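Read through the structure below, which is laid out as structure tokens, and then see the notes.
The values are calculated or read from the model by the stated rules, or taken from the named source; none is laboratory data. Note that this is a predicted model, so its numbers are computed, not measured. Reconstructed Cβ throughout: ideal geometry from the backbone, glycine too, with neighbour counts over all protein chains shown.
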């Protein structure tokens, strides 16, 4: 079971995941980074690198930056 805690910028929003989906949707706010979003999934002791990659793959992102207003699926 995956628990999602997203601590993005104050104007970012996270929508509750569907039951059993294991993830959610995060609307990118100014200042959000994939690293910060991944860190919120794995916690302070976890390795965010695999989650960053998974977010990129889930959302068909390239290597460029994310922009405010973008809706991202979070694993």
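How many residues are assigned to a helix (DSSP H, G or I) and exposed (fewer than 13 other Cβ atoms within 10 Å of the Cβ) if we restrict to segment 54-72?
Qualifying residue count, segment 54-72: 1.
Part of a loop (DSSP other than H, G, I, E, B) and either at pLDDT 95 or above or under 12 Å from the mean Cα position of the chain (by Cα) (or both): does that describe residue 6? Yes; evaluated as a whole, the condition is true for this residue.
Under the condition of being part of a helix (DSSP H, G or I) and either modelled with pLDDT under 95 or in contact with a strand residue (DSSP E or B) (Cβ under 9 Å, 6 or more places away or on another chain) (or both), the residues counted in segment 21-35 number 1.
Looking only at residues of segment 22-45 that are under 16 Å from residue 64 (Cβ atoms) and under 8 Å from the mean Cα position of the chain (by Cα), we find that the one that is surrounded by the most Cβ atoms within 10 Å (Cβ to Cβ) is 37.
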